[in-house]
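Have a look at the structure below before the remarks.
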Amino acid sequence: METPHPPLWLEHVPGYQQMAGWIESFGHGWFFDSQVHVQHVAAILLVSLVMLIFALFARWGLEGRESDILPDDTLTARNAMELFIEGLLSVMQSAMSREAAIRHLWFIMPMAMFILFSNLLGLIPGFLPPTESFNTTFACATLVFIYYNAYGLYRLGGDHFVHMANPVGESWGWLLAPIFFPIELISHAVRPISLSVRLLCNIAGDHLVLGVFVGLAATIFGGLPLFLPIPFMALGLFVALVQTFVFTLLSCVYIGEVENNIAHHMEAH
């Protein structure tokens, strides 16, 4: 059953009840026969809308100024997007070359932005973060899993699996292939689970701790002091940023492994 929660803002959006009824008419999900949380689906739509608006404002800020290397005088959507991209490229370059980072930026950037905005949404009272649901985190982790394996198969073909059986690339490495290959398959298979559970538990735990301490303070003081939630909100902001960084970095590491295999394959041939 869906966890009881106080009234949320998205429930008052026109059409929410109709959407909830339509989604619930499909019954439980296929994964562990779990119930689909409509509030998280609505939050995903909200985050997607915010991302779209942010991207449009950043694009409008570039119109007619493509050759202008100086940033705007004030903080604008263009400046914020450029800072985000440069920071993300720095993270990606810790696991791959800059050329490879630029090549995979189209996939990593919207994924990182979605997770960041979803995590931050949970800090706003009256909203549930989409990353508090396993359905959301598992979907993101599965996309990463499909992407780097599809890219490896596209560039290497069957050699993508050869590198799993013989990662050292030497003739004597085939002697250990019966051991390496099952271990590598299991390692790759559990990556979507580990990525999704790590993000889910940290965001859900942070949200739960925030709610418990705020509720406890409200009970003790007979109301919620104005500045009391600030330390817990700061902790929540820290968790949101760190978990976005961890998910993004691990995704880049997985893609970087494929890029290294491609480089070794090209050197060998």
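The values are calculated or read from the model by the stated rules, or taken from the named source; none is laboratory data. Keep in mind it's a predicted model, so treat the numbers as computed, not measured. Here Cβ is always computed from backbone atoms with ideal geometry, including for glycine, and neighbour counts include all displayed protein chains.
Does ALA141 satisfy being farther than 27 Å from ARG103 by Cβ and assigned to a helix (DSSP H, G or I)? Before you say what the answer is, go through the steps one by one.
Numbers: farther than 27 Å from ARG103 by Cβ: no; assigned to a helix (DSSP H, G or I): yes.
Criteria not met by ALA141.
Which residues, taken from the range 95-110, are closer than 18 Å to LEU241 by Cα and surrounded by fewer than 20 Cβ atoms within 10 Å (Cβ to Cβ)?
Going through the range 95-110, the residues closer than 18 Å to LEU241 by Cα turn out to be 108-110.
If the condition is that a residue be closer than 18 Å to LEU241 by Cα and surrounded by fewer than 20 Cβ atoms within 10 Å (Cβ to Cβ), then MET109, PRO110 are the ones that fit.
I want to confirm something. Restricting to the range 36-66 and keeping residues that are outside any helix (DSSP H, G or I) and closer than 16 Å to THR131 by Cα, which single residue is modelled with the highest pLDDT?
Here is the first cut: in the range 36-66, the residues outside any helix (DSSP H, G or I) are 36-37, 63-66.
Imposing the further condition that a residue be closer than 16 Å to THR131 by Cα reduces the set to 36-37.
Numbers: VAL36: 74, HIS37: 81.
Only one residue fits best here, namely HIS37.
Is it fair to say GLU82 is surrounded by fewer than 14 Cβ atoms within 10 Å (Cβ to Cβ), at pLDDT below 95 and not aromatic (Phe, Trp, Tyr)?
Values: surrounded by fewer than 14 Cβ atoms within 10 Å (Cβ to Cβ): no; at pLDDT below 95: yes; not aromatic (Phe, Trp, Tyr): yes.
It is false that GLU82 is surrounded by fewer than 14 Cβ atoms within 10 Å (Cβ to Cβ), at pLDDT below 95 and not aromatic (Phe, Trp, Tyr).
For the range 42-53, which positions are surrounded by 16 or more Cβ atoms within 10 Å (Cβ to Cβ) and free of Cβ contacts under 8 Å to residues at least 40 places away in the same chain?
Matches in the range 42-53: ALA42 only.
Among (1) surrounded by 18 or more Cβ atoms within 10 Å (Cβ to Cβ); (2) farther than 30 Å from ARG155 by Cβ, which single condition is ILE230 missing?
In the conditions (1) surrounded by 18 or more Cβ atoms within 10 Å (Cβ to Cβ); (2) farther than 30 Å from ARG155 by Cβ, ILE230 misses (1) alone.
Scan the range 113-127 for residues that are part of a helix (DSSP H, G or I) and of a type outside the set (A, V, I, L, M, F, W, C) and jot them down.
Once the filter is applied, which keeps residues that are part of a helix (DSSP H, G or I) and of a type outside the set (A, V, I, L, M, F, W, C), the range 113-127 yields SER118, ASN119.
Which pairs have Cβ atoms under 6 Å, sit 6 or more apart or on different chains, and link a residue in the range 181-207 that is among the aromatic types (Phe, Trp, Tyr) to one that is surrounded by 15 or more Cβ atoms within 10 Å (Cβ to Cβ)?
PHE181/MET164; PHE181/ALA165
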